[in-house]
Amino acid sequence: MTDTPNIPEPDPAWDYYIEWHKLAQAKAKLENLMAYLAEQEDATEETDEISRNDLQKILDLLDTI
């Protein structure tokens, strides 16, 4: 499970558990992408492609909510 400081892990029986879990996954993916971009010195075609692909995965996940 993703680390969500100050947000307790909800009960799986909760009506919004699936939505919460998908949002937590999207948040983790976004934080990973932000960390990756922070490490890059310069924009390149490779880093642009990685960013676009990762962003698309995040958007696809959000679309399922």
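Brief remarks follow.
- Test: Ala24 is within 9 Å of the chain's Cα centre (by Cα) and surrounded by 10 or more Cβ atoms within 10 Å (Cβ to Cβ): yes
- Within the range 1-17, tally of residues that are under 19 Å from Ile65 (Cα atoms) and loosely packed, with under 10 Cβ neighbours inside 10 Å: 5
- The range 9-65, residues that are small (Gly, Ala, Ser) and either at positive phi or assigned to a helix (DSSP H, G or I) (or both): Ala24, Ala26, Ala28, Ala35, Ala38, Ser51
Residue by residue, here is whether (1) acidic (Asp, Glu); (2) surrounded by fewer than 15 Cβ atoms within 10 Å (Cβ to Cβ); (3) touching a Gly at 6+ places or on another chain (Cβ under 8 Å); (4) farther than 29 Å from Ile7 by Cα holds:
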| position | (1), (2), (3), (4) |
| --- | --- |
| Glu19 | yes, yes, no, no |
| Glu31 | yes, yes, no, no |
| Met34 | no, yes, no, no |
| Glu46 | yes, yes, no, yes |
| Ile58 | no, no, no, no |
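Taken together, the values in this text are just the output of simple stated rules run on the coordinates, not laboratory data. Since this is a predicted model, take the numbers as computed values, not measurements. Here Cβ is always computed from backbone atoms with ideal geometry, including for glycine, and neighbour counts include all displayed protein chains.
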